[in-house]
Each structure stands twice: as C-alpha cells, then as structure tokens.
1. Using the reciprocal of the averaged 1/r over all distinct C-alpha pairs, how large is the Kirkwood radius of the chain in Å?
2. If the chain between ASP300 and ARG426 were fully stretched, how many nm would it gain, using 0.36 nm times the residue separation less the Cα-Cα distance?
3. With the cut-off at 26 Å, report for the range 73-186 the share of all Cα pairs above it, as a whole percent.
4. Just the Kirkwood number for the range 48-90, please: inverse of mean 1/r across all distinct Cα pairs, in Å, one decimal.
5. So what are the ³J(HN,Hα) numbers for the range 171-183, from phi and the Karplus equation (6.51, -1.76, 1.60; θ = phi - 60°), rounded to whole Hz, Gly and Pro as x?
6. Excluding VAL154 itself, calculate the net charge of residues whose Cβ lies under 13 Å from the Cβ of VAL154, where each Lys or Arg counts +1 and each Asp or Glu counts -1.
7. Highest mean first, what order results for 329-339, 103-113, 370-380 on Cβ atoms within 10 Å?
8. Of the cross-linked pairs LYS393/LYS561; LYS74/LYS345; LYS303/LYS538; LYS35/LYS466; LYS35/LYS360, which ones have a Cα-Cα span greater than 31 Å in the structure shown?
Amino acid sequence: MVSAGELEIFRHSLEGAVEEMGVTLQRTAYSTNIKIRRDHTCALFDADLRHIAQHDVAPQHIGSLVSVVPRNFKDRLKDLEPGDGFLVNDPYKGAVHLPDVMLISPLFHNDELIGVAANSAHHVDIGGGTPGGIPTDSTDLYGEGIILPLSKAVEDWEYNETVLDLIRRNVRGAEMRLGDYRAQLGANRIGEQRYSELVADYGADTVETYLDELFDATEDRVRAAIADLPDGTYEASDYLDGDGVVDEPVCLKLAITVEDDELTVDFTGTAEQNEGPLNCTPAMIFSGTMSVIMALLGADLPKNDGFYRPFEFITPEGTMVNPKPQAPVASGWEIPMRAGELVTKAMADALPDETIAASKGIVCNIAYGGDDPRDDGEYVYYETVAGGYGARKEKDGMEAVQTHFQNTANSPIEELEREVPLYVRRYELIQDSAGAGRTRGGLGVRRDMEFYDHQTRFSILSDRAKSSPWGLFGGESGRRAHYVMNPDTDNRKDVSSKSTTTLDSGGVASIQTPGGGGYGDALERNPEAVLEDVRDEKVSVEAAREAYGVIVTNDGNLDRKATRDRREVTRAARSDGEDSTLRPSATESEDDGEETPATECDTEVSAE
C-alpha cells in the first residue's frame, strides 16, 4: 500500500512533467495563439494507454487527447519505434475541429515501450476556403482544411520533410505554421525525457503500482465530490444562432442526473446535426461540459484515468453533438461553450451558492488574412475575443475574460499591431452591457480593428447575436453580441455571428461581445456599489436609475432619499401586480432585428 504522501509526490512528478511539456511548447512556438494565448495542452499515457496526467491550462482540451490516443493507438503498439510521431486532427477519429492538430509520440526506456506523450495545439491556419481555419459556410468536413487521419510524420525525432512540404503547400503563413509543428515535437521530446527519468528512478514495476493506486485514489475523490451533490435530474436548454448556412435557431438540451456517486450528462432532445459548421464531436461536448462540472465539484481533481470513471455522457448519433462522419465542425466549439452555461443553469436551484448566471456564452472565433502591404508577404491571424462572466451570489462577474473552458489570454494590442497590418481603434469595456442584479454581470468587450493599405477577408464563427446571457434569481440578462462592419459610418453593416466579409483598405471590423447575466434582484444592490460603477463608467446614470433604482446627481453623488423613494415605489408597484419591472441595464441601442428570447427550447421562436 502506497502512503498518501508518497502518492502525492508521485502525482506531482507526473504533473511537473506535463507542465514542462506545455511550457516548452508555449515558449518555442511561433504564433501568438500558442505563445501568448496558450491555446494548447500536453498529456502523458502509460503503456496500456491509460491517461496519466494532463497540462490543463486550456480545459477545452481535456476530452480530446484522452479520446484520440486509446482509440487510435491500441492496434499500433507493436509497430512503434523510438522517435516515431503521428499527426492527427480528424474529428471522426476522436479529435475536435481541424485547427487543433495533435502530435502523438511513443515513449521508450531501455528499448521498452513505457507510454505515450501527446499534445494538441490550435494552428492559426489549416487550409480551407477562408483564412484562419474557420470557414463560416462549410457544408462538409472536406471544405474546412487538411484532414490528418493519424499520419506518421516523425521518425527518430525528426519530421518527414515530405509531410512538412505537404502541409507547407496547403496552409497560409506556412513558415510560422511549421514553427508551431516543431514546437510540438520539442514538447513530446521533453515528455519522453522526464517520464523515462521517472521510470529509471522508481523502476517500471513500481511505477505501474503507483499508477494503479493513483487512478483508484482519484476515482475515490471524484466519487466523493459527486456524492456531495443532491441526487436528482436537472435540466436546461437554450437556443444557438443559425449554423452559418440555415439562419434558424437550433436547440441544445442537457439533463444532468446525479445518483449516489455517479453523474450522467444526457443530450437527448438536442437538435439534429446542422447543414452548416455548427456541429461538434463527443470529445468537444465532453470538454465543455466537464470544465464547468469540475468547477462545481470544487476540488483540485487530478486528470487521469480514474477521473473519468464515474461519468457517463449520452450524445445521440446524428445530432449536433455527435454528427455523422464528414459533417462540418468548424464552429463546433460554440456548442460546448453553451453546454457549460447550461450546467450552471440546470444546477442553479440545487446549488444556488456555487452556480453563476450566464456568461458571454461564446468562444467568439475571429480570423482574418490578406497580403501584407509592409512586406508584400501573406498574413493570417486568429484569436478569440473576451467578454463578461456571469454574476455569482456574492460577487460581480469578471470583465473581459475568456470564459469557462477557454482560459486563454487576450491578444495584446502591441503584439497584434506588430504582426498584422491593422490598427486597433477601440478596445474597451461596453458600458451598460452587464445584466443588472444584486450582483451584476461582467461587462462585454468592444474591439474595433482598421485594416490599412490592403484588402482583407474577415471571418467570424461565434454566436449570441440573437439571444442574451440570462440572469438568475431575478437578475437581468446581459447585452447580446453585435458584429458590425464599418461602425459609426454611413456604410455600417451588421453581419451574422457566422459570416465572412471582404473589407477594403480602411475598413473596420467591430466585435462587441456579450456581458454576463445578473444574480438576484437589482433593487437589493448596494447603492454605493452602483455609484462606484457609474463613476467607473461601467454603468450609465440612466441605467443606474432604470435598472437599479439608484439616483445619481448631476455632480456625481448619490441621492439617498430619491433612491429610497424610487425603490419603495417600484416594490409597491410589484406587490400590486403592476407591470413595473425595471428595465435591464444591458442596452440594445444598436439593434437591427428582433432578439430570440433566452428561454427553454420548447418555446416557439422566430428566426427573424
């Protein structure tokens, strides 16, 4: 029997190895998306392909490597040689969308296979019809870029140049892309060195014993955390915007069943797979849902083989969470993001102290590319734009963050303007975008980019242009997203959440992300907190009055008597049953068209 202390030392040795792999990948990568935004992950598996540890800086990847490695390597183990490496990004081999390319390398010690090192990194371009690997109107996987079905690309820790030539010819910004592939190889080499050292220190038999103990101990911890949840079935649903081809809202349904120390997530009732790219693989929906479930469980739980045992996921085939092969998946991450939101919504009544209101609810993929006027070269850039987090019982939502499973950094203006021929004209919090409540949501972000001296193609794969992030327990909804070309001009054009636009020189793309929903009655918010928000220009004087019943004087001070009077009148009107609900703080002053109600999916809605 291994002692708890010994097991913790062993666990942290494994986690130290995958963290060093992740740092190696980040620091040697070329693209901003990896070296700054950290859109990557690394993992180790043992010789039986059991998941040992994972560098979980990007929780969206927790379901991908654990899906791909056992599924694709179990019949190849006897044929592996030291220094081999395999590239894979095929969604129908257990992966996610095509830009997330995985490199998998067998690990040897004294010529014996001891495990597998694997990493996944989001490449800024993977080919396909639009720059950045996010085609907005694809109707099959073939139109979304290069498909790599577990292709042997490395021998003796060196890439096969023919494979690199194939990739080079099919992607934009090829040299930067190849730099990222080489960074992935370096990360796996570190994984081999560190895991081999661990086997040398402990001995192969001891490592196997410790792993068995670690998996069982992790399973016990996860089951204990689940057992603390109240038994029952908890349901929630919401609409997503159209799929990029058909402009009609589609329904995502989720049911969480807690029974003793096991938890089942069932997506029965979710819409059928879409014609356009709004589909996701089971690995994707697992990651998005589990990232929030892990937060609700509230423990620092290791990610290994034992972690997954108490969970069951039901993803009906032919739905948008488990499409049939060759369906497009470029916009797939929007579905797991919303699934994470549905977890907090479903569990709200059971866990009111732990849950939060809806956050921005979008990944907000944007990509753009063209000919760089500074050097006549080709450029391509990809990023996601932050937004507001939902309010909690005791705290306001965070502003300008990548929510839930994303956990990636925001692209700095300096880095962006150096790499791409554009000027960031506005990068700011959106006043009044947060849902009002006793605690308010976080504010959304506006990012305006002007492209100079050239024509660019600007693509958006996002959502929340037709519905707003909901509030909880009387809290108001946050402002929904707006995607605008050439704002504040006579040529202003509102575009859909899944669209590609050609911008001429001097054209501006404005991305305006949602604010988070509020929590609790806005009339119960401390007037001093509202005043502070007004002074910080997060809430306008008008919204303070209309949404919170707080009166701010012309000289910027709190009128306490007028505030008490307004709130008393509003409460009295409510008790008399009058329709006197305060207007939400989330303004929609730039609306064109109607909003789909943020309600359960059994409500009829208009696609307009």
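The values are calculated or read from the model by the stated rules, or taken from the named source; none is laboratory data. Owing to the predicted nature of the structure, the values given are computational and were not obtained by experimental measurement. Note that we place each Cβ from the backbone using ideal geometry, even for glycine, and neighbour counts take in every protein chain shown. Ligands, DNA and RNA are excluded from the accessible area calculation, which covers all protein heavy atoms including side chains. Shrake-Rupley method; radii C 1.70, N 1.55, O 1.52, S 1.80 Å.
1. Working: mean 1/r = 0.0399 Å⁻¹.
Kirkwood hydrodynamic radius for the chain: 25.1 Å.
2. Values: separation 126, 0.36 × 126 = 45.36 nm, distance 3.81 nm.
Length gained, ASP300 through ARG426: 41.5 nm.
3. Working: 1259 of 6441 pairs.
Tail of P(r) above 26 Å: 20 percent of Cα pairs.
4. 11.9
5. 3J(HN,Hα) across the range 171-183, in whole Hz: 10, 8, x, 4, 5, 5, 4, 5, x, 5, 4, 5, 5.
6. That sum, taken over residues with Cβ under 13 Å, equals -4.
7. On the way: 329-339: 28.6, 103-113: 18.5, 370-380: 15.3.
Peptide ranking by packing, descending: 329-339, 103-113, 370-380.
8. Details: LYS393/LYS561 27 Å; LYS74/LYS345 39 Å; LYS303/LYS538 38 Å; LYS35/LYS466 34 Å; LYS35/LYS360 25 Å.
Exceeds cut-off: LYS74/LYS345; LYS303/LYS538; LYS35/LYS466.
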